[in-house]
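Everything below concerns the one structure shown next.
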Amino acid sequence: RTLNLSGCARVSDASVTLLGDAIGLSAHIETILLHGCKGITDESVCRIAEGLKRNVTLSHLDLSWCENVGNRSLEALGQTLLLNQSLLTLKLACCFNLTDEGVVLFAKALDVNASLTHLDFSCCANLGEGTVSALAQALSKNRSLVKLHLPTVDDKELRLGVSRGSSPPVGRTGSISTISVGASAPTPLDELKHMLERNRQRAKSLLISSRLADSIVSSPSWRTSLKRSGAAVGEHQLHGASGTPSRAQQLTQVLRAAIINGAAMYNANDFDGCLRLFKQTAESVIAATGSAAVSTALRTASEVSETMQHRIWALRSSFDKLLDDWEAESLKW
């Protein structure tokens with residue numbers, strides 16, 4: 001699932017062009033590492049980008065230190081990201097022919113792409129204020145990017161949440177909340193930092209419900225014991241025999257976490273994130289309980305003809321009703 005040609009200086013456009021064609025047909029490849037393949041040019045990357053338009057498995061592409069790769073490659077990769085939803089990490093560190101003009105073309109794709117989480121432009125010495133401005137504008141709509149590495153100037157770096165004067169010793173590849181920038185950072189940098197932090201917090205919120213849900217639906221016996229025609233769950237299922245939280249109580253936590261985090265997204269006008277979180281939670285609830293009410297709400301939420309707000313509230317209402325039904329049922333015991 002991984003093709004590693006890193007450091008193969010004799011790899012040429014002729015061979016990588018064939019690789020690009022194969023990517024479009026592959027249903028297994030997940031990682032391609034071309035780090036330091038100095039013999040490849042825009043011709044190769046454009047062919048890889050074309051193959052990625054048809055690929056649904058590749059998640060990691062490393063083109064770092066491909067010194068002959070330039071703006072034409074960035075434009076092609078941007079066009080690919082308008083269609084591709086599998087690529088999570090794109091590394092273009094130390095590609096010295098990249099300029100602000102290329103990033104401006106590339107960044108347009110981030111307005112609509114919802115998969116890319118890690119973008120690396122570190123050590124691309126010709127990138128400057130135009131790059132920061134273009135990425136800041138793109139991230140006003142993008143909700144997926146959480147890691148961004150930009151070139152340093154005079155080895156001075158800035159880390160989110162740390163004052164500029166403290167100059168923390170962060171490596172060039174940095175952490176999830178690190179941006180490497182020059183000493184005289186442009187004004188859009190603050191916006192860029194804020195939006196990356198917003199995306200990072202959103203990603204955390206999306207994980208809260210999925211992790212709790214995984215602990216519930218991973219047990220076949222749990223799915224069998226809760227599979228019912230309705231949503232009611234008896235006291236013997238709500239409380240563990242030894243006083244420890246039962247899986248039904250965990251499911252209640254899933255719903256409440258989804259409601260809290262979804263409300264925060266909704267209030268921040270992140271309707272897409274809220275709907276995604278609610279739908280993910282609904283699928284877990286249905287797998288665990290077979291709730292007819294949630295199933296109906298999920299079908300409504302999948303109707304593109306409905307407004308985003310209506311789809312969200314259909315799911316939210318079904319969650320509220322499910323929690324009310326469980327509480328009422330437990331009181332009978």
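Overview of values
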quantity: Volume per residue of the C-alpha convex hull in segment 52-108, rounded to whole Å³; calculated: 71 Å³
quantity: Paired Rg and Dmax values of segment 45-160, which use every Cα atom, in angstrom; calculated: 13.1, 41
quantity: Segments 313-322, 60-69 sorted - mean Cβ within 10 Å per residue, highest first; calculated: 60-69, 313-322
quantity: Per residue accessible area of segment 1-141, 1.4 Å probe, in Å²; calculated: 41 Å²
quantity: Cross-link pairs K91/K193; K141/K321; K141/K193 - those with Cα-Cα distance over 25 Å; calculated: K141/K321
quantity: Global form of segment 80-122, assessed from the alpha-carbon gyration tensor, a/c cut-off 1.5; calculated: oblate
quantity: At most 14 other Cβ within 10 Å, DSSP loop - trypsin sites (Lys or Arg not before Pro), segment 16-101; calculated: R54
quantity: Whole-Hz couplings from phi, Karplus 6.51/-1.76/1.60, listed for segment 93-103; x for Gly and Pro; calculated: 5, 6, 9, 6, 8, 6, 10, 4, 4, x, 5
quantity: Environment charge of A282, counting only residues whose C-beta is closer than 12 Å and scoring Lys/Arg +1, Asp/Glu -1; calculated: +4
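The values are calculated or read from the model by the stated rules, or taken from the named source; none is laboratory data. A quick note: this is a predicted structure, and the numbers were derived from the prediction, not measured. Note that each Cβ is placed from the backbone with ideal geometry, even for glycine, and that neighbours are counted across all protein chains shown. Protein only, heavy atoms only, side chains kept; ligands, DNA and RNA dropped before computing areas. Shrake-Rupley method; radii C 1.70, N 1.55, O 1.52, S 1.80 Å.
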